[in-house]
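*Asks:* Once you've had a glance at the structure underneath, I'll fire off some questions.
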Amino acid sequence: MSNQNEYYSGVDLGFTLNNSEVFVTNVQPAERLSESLRERLLVRDVKVGCNAGDCGACSVIIDGEIVCACLTPTLQVEGKSILTAQGIVNDTQLGRRLAGSFQKHGASQCGICTPGMVVSAYRLLKTEKDPTVEMVSDYLGGVLCRCTGYQKIIDGVLGVNGSDPETRNQISGFPTIGESARHLDGNDKVTGLMKYGDDVAPPYTLMVKVIRSPYNRAAFHFGDLDGFVEDNPEVEAILTHGDIPGINNFGIFPGFIDQPVFAVEEARFKGEAVAAIVGFPEFINSFLEEEFPITWTELPSVLEMEDAEKEGIHQVLPGRDRNVLCGGFVKRGDFQKGLQNSECVSEGEFTTSFVEHAYIEPEAGYSFMDGDQLVIQACTQSTFMDKESLQEILNLDHSQIRVVPTAVGGAFGSKLDLSVQPYLALATMKTGQPARLAYTRRESFLSTTKRHPAKLSIKVGVNDEGLIQGIHFQGKFNTGAFSSWGPAVISRVPIHATGPYFVPNYLAETKAILTNSSPSGAFRGFGVPQATAALETLLDDLAQKIGMDPLEFRIKNALDDGLPNGCGQIFESGVGIKPCLEALRPYWTEEKKRVREFNAAHKNHHLVRGVGVASGWYGCGNTALSNPSTIKAGIKSDGTVFLHQGAIDIGQGSNTVIPQIFGEALGMEKVPFELIYADTDLTPDAGKTSGSRQTFVSGNAARLCGMALKQQITRQLNVSEDSSLKIEGTIVSAAEEPNESTLDLATLPSDGDGFVFKAMETYDPPTITLDENGQGEPYAQYGYTAQLAVVEVDQKLGKVRVVRVVAAHDVGKAINPMLIEGQVHGGVVQGLGMALMEEFIPGKTDNLHDYLIPTIGDIPEINTIIVEVPDPSGPFGAKGLGEHVLIPTPPAILNGIFDATGVQIRKLPASPDRVLKALVDSENDL
Amino acid sequence: MVHIFPENLSSALASMEIPAKVIAGCTDFYPSLENGHVPDRIVDVSKVDEMVGITKTTPGWRIGGSTTWTKIIDYPFPPAFDGLKAAAREVGSIQIQNTGTIAGNICNASPAADGIPPLLTLDAMVEVQSADSTRLVNVEDFVLGPRKVDLGTNELVTAIWVPETRNNTTSSFLKLGSRKYLVISIAMVAVTLSISPQGLIEFLNIAVGSCSPVARRMPVLEKKLTGLRAEDLLDDIRIEVGDLTGLTPITDIRGTSEYRQSAVRELCQSTIRDAIVKSLEIT
């Protein structure tokens, strides 16, 4: 045949990559370009988020046009020219300015989508020097981002002409607090160099493939595993529960360590691990699970909470009667009396769905032996928790394991639990070889934690002045097959279900129910978003019934300094909910007016607008449990400060905020510094990145550490502790009196770390354990928020568009306003997804085209209002924020729908079919 | 395993003498691999000259089967193709439009294939060739069911033919999804129509996707509205249940059957109205 190339296995071919000629050999039929670029050419700025064209993280430019490298056969690119983010940023002026603009605008948080965004934006800017927002959306619409809420990415693209090229200059001096400093670790993200979970393993490393249950519940037994290893020379080992030297369970809380690394005899949810194969890449990449020697027997399963609680149903976990895992309880005053004394009472039932974290980076990692020490590198929110769990599972002592986090491509709570780590560790221990494992998107969906689906029942009563008299809250949370963070959700919700209001009579009861579903765990807000959606929509129902303005109703009931919350905890200062609500007032008035005008202009039209408001609050840190952070720092004789900062940066910015706080406390102008990031061998435990605790708790540790270091120097200089310090070369002096007293660091003796001064400080937020009625001081600090949402409802199609969100957040003291905005944007857009489109259905929506998260085309205009009511225990008054940002968004949107249509949606998500049905039903009721 | 790259049609057809998996843009191929082996024999038609590009001939337009959605968006078609272009812009994302092909969209035969409803309203035909035969099949006869098409193991879809359209034909396409980009439709409607100098609907083609195993034309509704005054339809298009024959919408993760039933009526009205507005703007 003429004019035909037949490529059998093992083709050699060449193409241009980032302006260099490259040649690859032995390319396989159907080999994906993403695989070739990452594994053969080590171009790991091409990220793989879904392997299906759903997320765009692997976007590259081929002969001038953007495509997904995961959908491109390498054989198709012979002779073509390929550009990736690295090439664009390294080789072109436009690319460098784009990277600079992304950094300047905070367009990159976790950074995993950034290469895809940069590639897409570069392609647009090549032909459109001055694009519109719509053009940016169209070109970036194929790349998903889960952190930023997209606005700052749009700003980054539009701002390219006014931005300087990105450079890698040494930053001189800590950014100050209040400064919108760029992400200090951002350079690697915008240039594509940052290494995530699957970016650290060398090519041809042994791979681990986890074998998972195809059924919601099943018994199983293995076939001839040894024979399987013998028959397949590319298989190095099989791992099962029999290979676990320690305890075959992991979990979070004592008494709830119940999730097996490998199931024994019975698998309890679809996707539960039962075994793993360790083998060479060619084998693992083409292995089909049905070829594994295992026999499954499907068993009756239970997926719904009401079924799980029935008498006679099987116990999902042994010993949990009626499948109740645990309960939570807070009682204050007499709720029945409160409701009896009320002029008006509203009640309602609310249902929410499983929500998937859907970070763009599936769980991944790498393990190897360094002498006698096992090293685990993986994407995680907590290095020390990982290490402690692994010690138990592997029966190793603390010196035998080192956990070094990779960059984390989004987390939102789910990367607090172990995922790939034990399989990697066991693979390396059994084979003695390095091993790698990256979950597929489907594996990530099926096997990692979700937001708890909730069934909530709530009753609220107000007196004739519109003051809340009592609340009764009952909540059931589907915690899936294992405990994970279920107990945390169950204890946190009753504390928060009053909302940030003064509620004299209150009873809240929660229960976690086990089912044969993926485990529910930690997800931005720990159950509080679900409870808030119920409470805040009911408050609008009440406000309407008593004829009060929803915003004024909330202001009237807002918690304040000196008033007890549901746990009886009183703060003398720092309660910021009223200022948040009051900050919304002018926007509320204006938006109400605009909505009236829009609706008047669209009379008898199918589009109708409304505006809704909701509040939120959130206790920072663990619930009535110790959760210390430790920060260490030192100065070397050359005058460089080293900050050992172990607060995991999952994109929120702890690598920037902690240095800002530390620098402020140290008070040394323009001192050169280096960050030593988390590593269980190098950096002390700064706790987990969870519970909105890093700015507050690790921030306080950083402040104490900075102060301690400064104190040592001021003492030696014999100047006041308040003096600000100055450093020139190795000479330190007091800034106000430079000639009075100086110190040459070069002359001082250094310790084993090479430090001439060193400090290490710990902060643990003071809490008081809750009594039998849930009374006590569960958190040392709360943050507060109120958001309003303008929504447009298509009454014929049931579609809801969020037009605008105004988000007021009391952060105590804004350490970094740009990062605060980034959190707000990202949280609001995640809240929008939860409100309108996100629903994980086990076995059905386990990919990123059936499970929908917002795209760049779905975002509202977001105005962030930063409110600063200093917290007496926060570093420089600062409060946590990471979870608060999502909490009021779903109910604000639901209340907007209520305002627009008079219909309350009480099942999330408010998908078009649910909204339309609610509209039709309400018409039929009239 | 073998991956064959024919560069002209005769060698492509010759390669099909032995059954093979045909690929081009691969936007459906790779996602389908998650639960299966790589096929042993792959024929990659992305570089077959005769299958790439768009030509205008006397009987109509020939769109090569391996033509990407981007090329369709960029081609200077008359307004009758606006619906097809709108559908092309709704395919996944620009990344997908840059590689996904028109023949691939048809052969994948998803009930939610974006390209099929507009092709139905254009009375498009599929050019199917084997080494020793060529046949033309109407799109509606070619797509038999979900993932099922009338294609022999030795055949390729080499092109899509769209017959000459009247000069005053306009068209429109609306896709209903739960988000803006990268979305599979809950329902979609394509319309082509023309309006006479007297302001009457001369002809009207309507097709609905995602509401039946295969996208379908709506002959009852077409007939009911043909001959009516176009401007009257801007205010009021009555669509009764019996007008949308053959739709069997299912309940799935994207929406309930009941919802689709009612949403599709609204979509039909909006799409027809949109095409009328465009037509009135031309005249």
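The values are calculated or read from the model by the stated rules, or taken from the named source; none is laboratory data. The model shown is predicted, which means the values in this text are computed figures rather than measured ones. Ideal geometry is used to build each Cβ from the backbone, glycine not excepted, and the neighbour counts take in all protein chains shown. Each accessible area value is taken on the protein alone, full model and side chains, heavy atoms only, with ligands, DNA and RNA left out. Shrake-Rupley method; radii C 1.70, N 1.55, O 1.52, S 1.80 Å.
*Asks:* Using a 1.4 Å probe on the heavy atoms of the protein chains only, list every residue of the stretch A:116-143 that has 40 Å² or more less accessible area in the complete assembly than in its chain alone.
*Replies:* A:D138, A:G142
*Asks:* Go through A:L704, A:V806, A:A497 and say which Cα lies farthest out towards the positive end of the charge dipole of the protein assembly as shown; charges sit on Cβ, +1 for Lys and Arg, -1 for Asp and Glu.
*Replies:* It is A:V806.
*Asks:* Shifting gears a bit: If one takes the accessible area of chain A alone plus chain B alone and subtracts that of the pair, with a 1.4 Å probe, what total in Å², rounded to the nearest 100, results?
*Replies:* Details: alone 32850 and 13220 Å², together 41470 Å².
In total, this chain pair buries about 4600 Å².
*Asks:* Also, quick follow-up: Write down the accessible area per residue of the protein assembly as shown in Å², having rolled a 1.4 Å probe over the full set of protein chains.
*Replies:* On the way: 41470 Å² over 1209 residues.
In whole numbers, the protein assembly as shown has 34 Å² accessible per residue.
*Asks:* Provide a whole-number value for the mean count of partner chain Cβ atoms within 10 Å of the Cβ atoms in peptide A:61-74. The partial results should precede the final answer.
*Replies:* Values: counts 1, 2, 0, 1, 7, 6, 11, 9, 1, 4, 12, 8, 9, 1.
That works out to 5 on average.
*Asks:* OK, next. Quick query: amide H of A:N516 versus all other amide H atoms, modeled in the peptide plane; which residues come in under 5 Å with a sequence gap of 5 or more or a different chain?
*Replies:* A:V302, A:L303
*Asks:* Between their Cα atoms, which of A:K459/A:K556; A:K331/A:K511; B:K47/B:K180; A:K104/A:K195; A:K104/A:K450; A:K80/B:K85 are more than 23 Å away from each other? Kindly include the intermediate steps, with their values, before the conclusion.
*Replies:* Details: A:K459/A:K556 19 Å; A:K331/A:K511 15 Å; B:K47/B:K180 32 Å; A:K104/A:K195 21 Å; A:K104/A:K450 33 Å; A:K80/B:K85 27 Å.
Over 23 Å apart, Cα to Cα: B:K47/B:K180; A:K104/A:K450; A:K80/B:K85.
*Asks:* Taking the full set of protein chains and a 1.4 angstrom probe, give the accessible area of B:I239 in square angstrom, rounded to the nearest 10.
*Replies:* Accessible area, nearest 10 Å²: 20 Å².
*Asks:* Looking at the stretch A:629-763, how many pairs of lysines come closer than 25 Å at the Cα, when each pair is eight or more places apart or spans two chains?
*Replies:* Summing the qualifying lysine pairs gives 16.
*Asks:* Show the residues, 5+ positions off or on another chain, whose built amide H is closer than 5 Å to the amide H of B:S212.
*Replies:* Those qualifying (amide H under 5 Å, at least 5 residues apart or on another chain) are B:T248.
*Asks:* Something else now. Largest first, how would A:R914, A:R715, B:R229 line up by accessible area (1.4 Å probe)? Please list the in-between numbers first.
*Replies:* Details: A:R914 60, A:R715 160, B:R229 115 Å².
Accessible-area ranking of A:R914, A:R715, B:R229, largest first: A:R715, B:R229, A:R914.
*Asks:* The stretch A:637-739: which GluC sites (Glu not before Pro) are DSSP loop and have at most 13 other beta-carbon atoms within 10 angstrom?
*Replies:* Values: sites: A:E664, A:E669, A:E674, A:E721, A:E728, A:E736; in loops: A:E721, A:E736.
Qualifying residues, ordered by number: A:E721, A:E736.
*Asks:* Among B:R62, B:R260, B:R238, what's the order by accessible area (1.4 angstrom probe), most exposed first? Show your work: numbers first, answer last.
*Replies:* Working: B:R62 40, B:R260 5, B:R238 155 Å².
Sorted by accessible area, descending: B:R238, B:R62, B:R260.
*Asks:* Please compute the contact order of the stretch A:629-763 in relative form: average sequence separation of alpha-carbon pairs under 8 Å and at least six residues apart, divided by the residue count, as a percent.
*Replies:* Working: 292 pairs, mean separation 47.7, N = 135.
So the answer I get is 35 percent.
*Asks:* Still on this model: Taking amide hydrogens as modeled 1.01 Å from N in the peptide plane, which residues meet the under 5 Å criterion relative to A:Y618, leaving out close sequence neighbours?
*Replies:* A:G783
*Asks:* Something else now. Find the Rg to Rh ratio for the stretch B:2-163, where Rh is the Kirkwood radius over alpha-carbon pairs and Rg uses the same atoms. List each step's numbers first, then the result.
*Replies:* Numbers: Rg = 14.7 Å, Rh = 15.7 Å.
That ratio is 0.93, to two decimals.
*Asks:* In percent, how large is the relative contact order of chain A, given Cα pairs closer than 8 Å and 6 or more residues apart? Mind showing how you got there, number by number?
*Replies:* On the way: 2449 pairs, mean separation 124.0, N = 926.
Once normalised by length, the contact order is 13 percent.
*Asks:* Which order do you get for A:Y784, A:Y7 if you rank them by accessible area with a 1.4 Å probe, largest at the top? Working shown, then result.
*Replies:* Numbers: A:Y784 5, A:Y7 35 Å².
Sorted descending by solvent-accessible area, the residues read A:Y7, A:Y784.
*Asks:* Using a/c under 1.5 as the rounded threshold, could you call the stretch B:82-173 rounded, prolate or oblate? The axes a ≥ b ≥ c are square roots of the C-alpha gyration tensor eigenvalues, and prolate needs a/b larger than b/c, oblate otherwise.
*Replies:* Values: a/c = 1.87, a/b = 1.28, b/c = 1.46.
Oblate shape, in that a/c is at least 1.5 and b/c is the bigger or equal ratio.
*Asks:* Using the beta-carbon distance between A:D63 and A:R168 and R0 = 41 Å, what value does 1/(1 + (r/R0)^6) give for FRET efficiency, to the nearest 0.05? Display every interim value, and only then the final one.
*Replies:* On the way: r = 30 Å, r/R0 = 0.74.
Plugging the Cβ-Cβ distance into 1/(1 + (r/R0)^6) gives 0.85.
*Asks:* Select from the stretch B:91-114 all residues whose loss of accessible area on going from the chain by itself to the full protein assembly reaches 50 Å² or more (probe 1.4 Å).
*Replies:* Checking the loss per residue gives B:I94, B:Q95, B:N98.
*Asks:* Go through the stretch B:19-46 and flag every residue whose accessible area shrinks by 50 Å² or more with all protein chains in place compared to the isolated chain (probe 1.4 Å).
*Replies:* B:Y30, B:E34, B:H37
*Asks:* Report A:H221's accessible area, 1.4 Å probe, all protein chains in place, as a number in Å² to the nearest 10.
*Replies:* 110
*Asks:* Hey, another quick one. Taking the alpha-carbon centroid of each part, what is the distance from the stretch A:655-689 to the stretch A:68-134 in angstrom?
*Replies:* 31
*Asks:* Still on this model: Can you list, largest first and rounded to whole Å, the semi-axes you get for chain A by taking the square root of 5 times each eigenvalue of its Cα gyration tensor? Walk me through the numbers on the way to the answer.
*Replies:* Working: eigenvalues 327, 260, 188 Å².
Here the semi-axes work out to 40, 36, 31 Å.
*Asks:* Okay, next question. At most 12 other Cβ atoms within 10 Å and a DSSP loop assignment: could you name the GluC sites (Glu not before Pro) in the stretch A:245-289 that fit? Provide the component values of the computation, followed by the final result.
*Replies:* Values: sites: A:E265, A:E266, A:E272, A:E282, A:E289; in loops: A:E265, A:E272.
Filter output for the stretch A:245-289: A:E265.
*Asks:* If you add up the charges near A:P318, with Lys and Arg at +1 and Asp and Glu at -1, over every other residue whose beta carbon is less than 12 angstrom from its beta carbon, what do you get? If you can, show how the numbers build up before the last one.
*Replies:* On the way: positive: A:R268, A:R320; negative: A:D258, A:E265, A:E266, A:D321.
Local charge sum for A:P318: -2.
*Asks:* Per the 1.4 Å probe, what fraction of the accessible area of the protein assembly as shown, in percent, lies on carbon and sulfur atoms?
*Replies:* Numbers: 19940 of 41470 Å².
Carbon-and-sulfur percentage of accessible area, whole number: 48.
*Asks:* Would you calculate a helix-derived [θ] at 222 nm for the protein assembly as shown, using -39,500 (n - 2.57) for each DSSP H run of n ≥ 4 and dividing by the full residue count, to the nearest 500?
*Replies:* Details: 33 runs with 337 residues, N = 1209.
Calculated from helices alone, the mean residue ellipticity at 222 nm is -8000 deg cm²/dmol.
*Asks:* Between beta-carbons, use under 10 Å as the cut-off and find the net charge around A:D753, counting Lys and Arg +1, Asp and Glu -1. List each step's numbers first, then the result.
*Replies:* Values: positive: A:K632, A:K636, A:K758; negative: A:D751.
Combined, the nearby Lys, Arg, Asp and Glu give +2.
*Asks:* Within a Cβ distance under 11 Å of A:R182, other residues only, what is the Lys/Arg minus Asp/Glu net charge? Intermediate values should be presented prior to the final figure.
*Replies:* Details: positive: A:K104, A:K189; negative: A:E166, A:E179, A:D185.
Here the charged neighbours net out to -1.
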